[in-house]
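Below is one structure, written out as structure tokens, with a few remarks after it.
Nothing in this text is a laboratory measurement; each read-out follows from the coordinates by a stated rule. Note that this is a predicted model, so its numbers are computed, not measured. Cβ coordinates were reconstructed from backbone atoms using ideal geometry, including for glycine residues, and neighbour counts include every protein chain displayed.
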Amino acid sequence: MRPPDDGCEEILVRDEDSLNMHRFYNVSVERDLFGVSVFLVRWGRQRKPGRIRIDASGSRSEMRRKLVELASRKILRGYRRLEVRTAQTQQSALPLFETR
């Protein structure tokens, strides 16, 4: 049984039809199977598998700071927030990426 997760998540999308650009960023702080906090970033073209980066270094507060910094940078580049999810509001997002 996994420990309760008090992580957070931001889902960012960028849709520009004129450039045929439909991208997503899914940034979250979660716990892995061993209960260690990890900083997880998924990105790519919407409705495609995309790429995943996992960083397990640093404290939980540092990971949340990284989440805010990355989301802020992406918003400045034209992405918009689709959903912000915390442990209190566990609602599923639109299927922006496929699992392999």
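About its Cα centre, the dipole of the stretch 8-86 is roughly 160 debye, where the only charges are +1 on Lys and Arg Cβ and -1 on Asp and Glu Cβ.
Here the Debye sum runs over all C-alpha atoms of the stretch 1-74 as equal scatterers in vacuum, and log10 of I(q)/I(0) at q = 0.17, 0.24, 0.27 Å⁻¹ comes out as -0.67, -1.08, -1.23. Our coupling estimate for the stretch 56-64, obtained by passing each phi through the Karplus curve with A = 6.51, B = -1.76, C = 1.60 and θ = phi - 60°, is 10, 9, x, 7, 4, 5, 5, 5, 5 Hz, Gly and Pro reported as x.
In this label model, residue 72 and residue 51 are separated by 2.4 nm, measuring between points 7 Å along each Cα→Cβ vector.
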